[in-house]
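**Q** Sharing a structure here in structure tokens format.
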Amino acid sequence: MLKRFIKTIKNKFRSPETEQPPKRISTPAAPPPKRSVQERRRPSGKKHPQKQKDAAAPLWDASQFSVEPREGRKRFQDFDIPENIMHGIYDLGFEYCTPIQADTLENTLSGKDTTGKAQTGTGKTAAFLIAVLTRLQRKPAKPRSGYPRALIIAPTRELIIQISKDAHALGKYSRLSVAPVYGGMDYRKQMDRFKSRPV
């Protein structure tokens, strides 16, 4: 009854100019059938886009990292650095070593200890990370979760985060994993992440 009354009122106040045909309401399509977990994980005939990209990407070669010799400057090619770490250096756009890098790499890559002091932004972090990553590459060990093979200690959380980012960038082709641990975060989560894989 109410519907008929509303319809009558609408018709009474509708002018012929504004009259529009009634809208058709379509019923929603039936939802697709649910797939099992295995079906969702393995789509039929489709490769993971990242895997396809990796398969199509050409292999990197150290000959692509060509830096002209310059008097008084050391290049990263002048040191015995593994190719996968050189790939990370290349991606970061480094060409010539800074003085602190040249001095420390000469000692650390030959197995000696070193101490250095230089201003901010002179590449100290890259200097010791390249040495650490090179050593870990040259002396592989049986991976053990929760037992780090190298320990880097820094005085602030911000510096730890920065060192971790640099280590990821320099070692992204080396299959080495980095786990930053610092205060102000959930201790248990950090410990679980640290113990879940070789570091």
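The values are calculated or read from the model by the stated rules, or taken from the named source; none is laboratory data. Here the structure is a predicted model, which is why all the values come from computation and not from measurement. Note: ideal-geometry Cβ built from the backbone for every residue, glycine included; neighbour counts use all protein chains shown. Side chains included, ligands, DNA and RNA excluded: accessible areas come from the protein's heavy atoms. Shrake-Rupley method; radii C 1.70, N 1.55, O 1.52, S 1.80 Å.
**Q** Could you check region 148-177 and list, in sequence order, the residues that are assigned to a loop (DSSP other than H, G, I, E, B), aliphatic (A, V, I, L, M) and open to solvent by 40 Å² or more (accessible area, probe 1.4 Å)? Before you say what the answer is, go through the steps one by one.
**A** Quick first cut of region 148-177, residues assigned to a loop (DSSP other than H, G, I, E, B) only: 148-156, 171-177.
Add one more test, that the residue is aliphatic (A, V, I, L, M), and what stays is 150-154, 176.
Matches in region 148-177: Ala150, Leu151, Ile152, Ile153, Leu176.
One line per residue, one yes/no per condition, for (1) within 24 Å of Pro198 (Cα to Cα); (2) open to solvent by 50 Å² or more (accessible area, probe 1.4 Å):
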{"residue": "Met86", "(1), (2)": "yes, no"}
{"residue": "Tyr96", "(1), (2)": "no, no"}
{"residue": "Glu106", "(1), (2)": "no, yes"}
{"residue": "Ser110", "(1), (2)": "no, yes"}
{"residue": "Asp113", "(1), (2)": "no, yes"}
{"residue": "Gly121", "(1), (2)": "no, yes"}
{"residue": "Phe128", "(1), (2)": "yes, yes"}
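**Q** Would you pick out the residues in region 132-147 that are open to solvent by 60 Å² or more (accessible area, probe 1.4 Å) and in contact with a strand residue (DSSP E or B) (Cβ under 8 Å, 6 or more places away or on another chain)?
**A** Pro143, Arg144, Tyr147
**Q** Of (1) of a type outside the set (Asp, Glu); (2) touching a Gly at 6+ places or on another chain (Cβ under 9 Å); (3) free of Cβ contacts under 8 Å to residues at least 40 places away in the same chain, Lys117 satisfies all except one. Which?
**A** Among (1) of a type outside the set (Asp, Glu); (2) touching a Gly at 6+ places or on another chain (Cβ under 9 Å); (3) free of Cβ contacts under 8 Å to residues at least 40 places away in the same chain, the lone unmet condition for Lys117 is (2).
Yes/no matrix, rows are residues, columns are (1) assigned to a loop (DSSP other than H, G, I, E, B); (2) modelled with pLDDT of 90 or more; (3) among the small types (Gly, Ala, Ser):
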| site | (1), (2), (3) |
| --- | --- |
| Lys51 | no, no, no |
| Arg73 | yes, yes, no |
| Asp80 | yes, yes, no |
| Asn84 | no, yes, no |
| Tyr90 | no, yes, no |
| Ile100 | no, yes, no |
| Asn107 | no, yes, no |
| Thr114 | yes, yes, no |
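**Q** For Pro82, state whether it is farther than 30 Å from Gly184 by Cβ and within 25 Å of the chain's Cα centre (by Cα). Walk me through it before giving the result.
**A** Values: farther than 30 Å from Gly184 by Cβ: yes; within 25 Å of the chain's Cα centre (by Cα): yes.
When the stated conditions are applied, Pro82 passes them.
**Q** List every residue pair whose Cβ atoms sit under 7 Å apart, with the two residues 6 or more apart in sequence or on different chains, where the first one lies in region 150-169 and is touching a residue at least 40 places away in the same chain (Cβ under 8 Å) and the second, anywhere, is surrounded by 15 or more Cβ atoms within 10 Å (Cβ to Cβ) and among the aliphatic types (A, V, I, L, M).
**A** So the pair list comes out as Asp166/Ala126; Asp166/Leu129.
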